[in-house]
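K.L.:
Got a structure here, written out as structure tokens. Questions coming.
The values are calculated or read from the model by the stated rules, or taken from the named source; none is laboratory data. Predicted model, so just to flag it, every value in this text is computed and none were measured. Cβ placement follows ideal geometry from the backbone for every residue including glycine, while neighbour counts extend to all protein chains displayed. Surface areas here come from the heavy atoms of the whole protein model, side chains and all, with no ligands, DNA or RNA. Shrake-Rupley method; radii C 1.70, N 1.55, O 1.52, S 1.80 Å.
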Amino acid sequence: SSNAMWGGRFAAGPDAIMEAINASIGYDKRLAAQDIAGSRAHAAMLAATGILRDSDAEAIREGLLTVLSEIESGSFAFSTALEDIHMNVEARLKEIVGEPAGRLHTARSRNDQVATDFRLWVRDQIDAAITGIEALIRALLTQAEAGAGWVMPGFTHLQTAQPVTWGHHMMAYVEMFSRDLSRFKDARVRMNESPLGAAALAGTSFPINRHMTAEALGFDCPMANSLDAVSARDFALEFLGAASICAMHLSRFAEELVIWSSAQFRFVTLSDRFSTGSSIMPQKKNPDAAELIRAKIGRIFGANVALMMVMKGLPLAYSKDMQEDKEQVFDAADNLMLALAAMEGMVKDMSANRDKLAAAAGSGFSTATDLADWLVRVLDMPFREAHHVTGALVALAESKNCDLPDLTLDDMKSVHDAITDEVFGVLGVDNSVASRTSYGGTAPEQVRAQVARWKEVLG
Ligand code: ARG
């Protein structure tokens, strides 16, 4: 049988393979609530502008509410033959209210309809991402406040560099996630315009009011160009871009948690609630959540690249290629929200092992820079010479198999005889971090000031 929506021109129905490649209902049923909200706004506007009789608009309104409740309760029978969510809803509406259902699609196309639905859906996901990131930032702030003065090694090349504090390390992620937050907020501002009323591509000859539907759906205004309105998917790409960068940050942090929770490091203990065991090795406690968060960047960035590839060669306006936008964004959004929630849970529950952190902070000649700075400050040495002298002292300590604070004053003087025992005052890690008071530095007072600032920002 030919199609109920466009059967006029067709003698035969689609081949089964045609139906299989064409149908999107399997996944775009997730747009049901947005689709019905869009249709309700459209019907109300058609009535307000006199395009639709009030009685028909009322029947449509009631019928759409029934369809929504059927979908929400799970009793709605989705049909693959009806291709997508738009036609599934309209066909069911026709069963419920009869003839007026056929008037709903006046001055509208599935092209502006799907663009509207998808914008509404992505907008909700942006809001969910903002909520999720804020919750994670709060968890990080709690860790940072508790550990503003706990020393730990700071690394470059994953080699011991200089001591930092636990709080400082947590606050580095607060900065990254706060930029993710602002990326999502920026994207939301740009994407919050309504495509509805662009119709198929050219606009419509009916006297519609696009400002009215835009306002009803919470958009700031209607999109200004009907071709752009049905063709644009950059809003989805901005979401995926922001999601990719956020997932990249999550992944770096997850990697650190994997390293830090290993027996060799033991910087943190992850809670049992966010760890798993091994079926054969009884001693194992594995950081699976962190590992999976680390892996999520793959599929999220993959979605970003996939949609870029779908879009890059498409002439204006709508092409069916664009139907491939949804699964990518759905998958990326689902996995981003999951990763954010899992990371928040892990951060809330994890405990830093202060003794391990402090011991590691003092090893690996981590205060060598403090020693060189002392030579500059007290002995008025040029920094390059101080670097050289300190290097010789590190080599001496290495040959004696000890750390810098374990060298005797005679050892020190054998390298440079102007050194006094005052130097030992700068070789401790607490002293080292306390001295890094430059703005943004790791000194505990600086870290506490940043925690206070962020608490105020978040309210
Ligand atoms: N299911 C389609 C999509 O997701 C809806 C738009 C169909 N428009 C069309 N002209 N065939 O893109």
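K.L.:
Percent of accessible area on the chain owned by carbon and sulfur, 1.4 Å probe? Don't skip to the answer; put the middle values down first.
P.N.:
Working: 11360 of 21310 Å².
Looking at the chain in its full context, I get 53 percent from C and S.
K.L.:
Between the helical axis of 110-146 and the dominant principal axis of the chain, each derived from Cα atoms, what acute angle in degrees is found, rounded to the nearest 10?
P.N.:
For 110-146 against the chain, the angle is about 20 degrees.
K.L.:
Based on the Cβ-Cβ distance from LYS356 to CYS221, what FRET efficiency comes out when R0 is 60 Å, to the nearest 0.05? Kindly include the intermediate steps, with their values, before the conclusion.
P.N.:
On the way: r = 56 Å, r/R0 = 0.93.
After rounding to 0.05, the efficiency reads 0.60.
K.L.:
Continuing with the same structure: Loop-only check: which trypsin sites (Lys or Arg not before Pro) in the stretch 296-334 are DSSP coil with at most 14 other Cβ within 10 angstrom? Working shown, then result.
P.N.:
Working: sites: LYS296, ARG299, LYS312, LYS320, LYS326; in loops: none.
Answer by residue number: there is no such site.
K.L.:
Here is a follow-up. Enter the Cα centre distance for the pair the stretch 362-407 and the stretch 25-43, rounded to the nearest angstrom.
P.N.:
Cα centroid of the stretch 362-407 versus Cα centroid of the stretch 25-43: 68 Å apart.
K.L.:
Accessible area per residue for the chain in Å², computed with a 1.4 Å probe and the full protein assembly in place, what is it? Don't skip to the answer; put the middle values down first.
P.N.:
On the way: 21310 Å² over 459 residues.
Using a 1.4 Å probe on heavy atoms only, each residue of the chain averages 46 Å².
K.L.:
First check a/c for the stretch 316-378, with a ≥ b ≥ c the square roots of the eigenvalues of its C-alpha gyration tensor; if it is under 1.5, answer rounded, and if not, answer prolate when a/b is larger than b/c or oblate otherwise.
P.N.:
Values: a/c = 6.69, a/b = 2.38, b/c = 2.82.
In terms of gyration-tensor shape, oblate.
K.L.:
Tell me, what ³J(HN,Hα) does each residue in the stretch 431-437 have, in order and in whole Hz, if you take phi through Karplus 6.51 cos²θ - 1.76 cosθ + 1.60 with θ = phi - 60° and put x for Gly and Pro?
P.N.:
Whole-Hz 3J(HN,Hα) from phi for the stretch 431-437: 4, 4, 5, 4, 7, 8, 8.
K.L.:
For the stretch 160-290, take the alpha-carbon Rg, divide it by the Kirkwood Rh, and send me Rg/Rh. Could you put the intermediate results ahead of the total?
P.N.:
Numbers: Rg = 23.8 Å, Rh = 19.0 Å.
Over the Cα atoms of the stretch 160-290, Rg/Rh equals 1.25.
K.L.:
Next question. How big is D for the stretch 82-173, in µm² s⁻¹ as a whole number, if Stokes-Einstein is applied with the Kirkwood radius of its Cα pairs at 20 °C and 1.002 mPa s?
P.N.:
Once the numbers are plugged in, D ends up at 119 µm²/s.
K.L.:
Considering Cα pairs under 8 angstrom that are at least six residues apart, work out the relative contact order of the stretch 182-247 and quote it in whole percent. Mind dumping the intermediate values first?
P.N.:
Numbers: 63 pairs, mean separation 26.2, N = 66.
In percent, rounded to a whole number, it is 40.
K.L.:
Under 8 Å for C-alpha pairs, at least 6 residues apart: give me the relative contact order for the chain, rounded to a whole percent.
P.N.:
In percent, rounded to a whole number, it is 16.
K.L.:
State the three equivalent ellipsoid semi-axes of the stretch 166-231, derived from the C-alpha gyration tensor as the square roots of 5 times its eigenvalues, in descending order and whole Å.
P.N.:
Result for the stretch 166-231: semi-axes of 40, 11, 6 Å.
K.L.:
Would you mind checking the tilt of helix 288-312 against the longest principal axis of the Cα atoms of the chain, expressed as 0 to 90 degrees and rounded to 10?
P.N.:
In the chain, helix 288-312 runs at an angle near 50 degrees to the longest axis.
K.L.:
For q values of 0.10, 0.11 Å⁻¹, compute log₁₀ I(q)/I(0) with the Debye formula on a Cα-only model of the chain, without solvent.
P.N.:
-0.83, -0.93
K.L.:
Is it possible to state the helix-based mean residue ellipticity at 222 nm for the chain, with each DSSP H run of 4+ residues giving -39500 (n - 2.57), the sum divided by total residues, to the nearest 500 deg cm²/dmol? What is it? It would help to have the intermediate numbers written out before the result.
P.N.:
Values: 18 runs with 281 residues, N = 459.
Value at 222 nm, helices only: -20000 deg cm²/dmol.
K.L.:
So, one more: How long are the semi-axes of the ellipsoid equivalent to the stretch 354-459, from square roots of 5 times the Cα gyration tensor eigenvalues, in whole Å, largest first? Spell out each step's value before the answer.
P.N.:
Values: eigenvalues 194, 54, 20 Å².
They are 31, 16, 10 Å, listed largest first.
K.L.:
Another question about this same structure. Could you calculate the FRET efficiency of SER435 with MET248 from 1/(1 + (r/R0)^6), where r is the beta carbon distance between them and R0 is 35 Å, rounded to 0.05? Walk me through the numbers on the way to the answer.
P.N.:
Details: r = 33 Å, r/R0 = 0.93.
Efficiency, from the Cβ-Cβ distance: 0.60.
K.L.:
What shape does the stretch 245-372 take by its C-alpha gyration tensor, where a ≥ b ≥ c are the square roots of the eigenvalues and a/c under 1.5 counts as rounded, a/b above b/c as prolate, and the rest as oblate?
P.N.:
Numbers: a/c = 3.66, a/b = 1.98, b/c = 1.85.
Because a/c hits 1.5 or more and a/b exceeds b/c, the stretch 245-372 counts as prolate.
K.L.:
A follow-up question, please. Measure up LYS296/LYS348; LYS29/LYS94; LYS185/LYS455; LYS285/LYS348; LYS285/LYS326; LYS185/LYS320 against 26 Å on the Cα-Cα distance and list the ones that go over.
P.N.:
Details: LYS296/LYS348 20 Å; LYS29/LYS94 18 Å; LYS185/LYS455 19 Å; LYS285/LYS348 18 Å; LYS285/LYS326 37 Å; LYS185/LYS320 30 Å.
LYS285/LYS326; LYS185/LYS320, as the Cα separations exceed 26 Å there.
K.L.:
Name the residue farthest towards the positive end of the dipole of the chain from the options LEU217, VAL268, ALA44, assuming +1 on Cβ of Lys and Arg, -1 on Cβ of Asp and Glu, about the Cα centre.
P.N.:
The listed residue farthest towards the positive side: ALA44.
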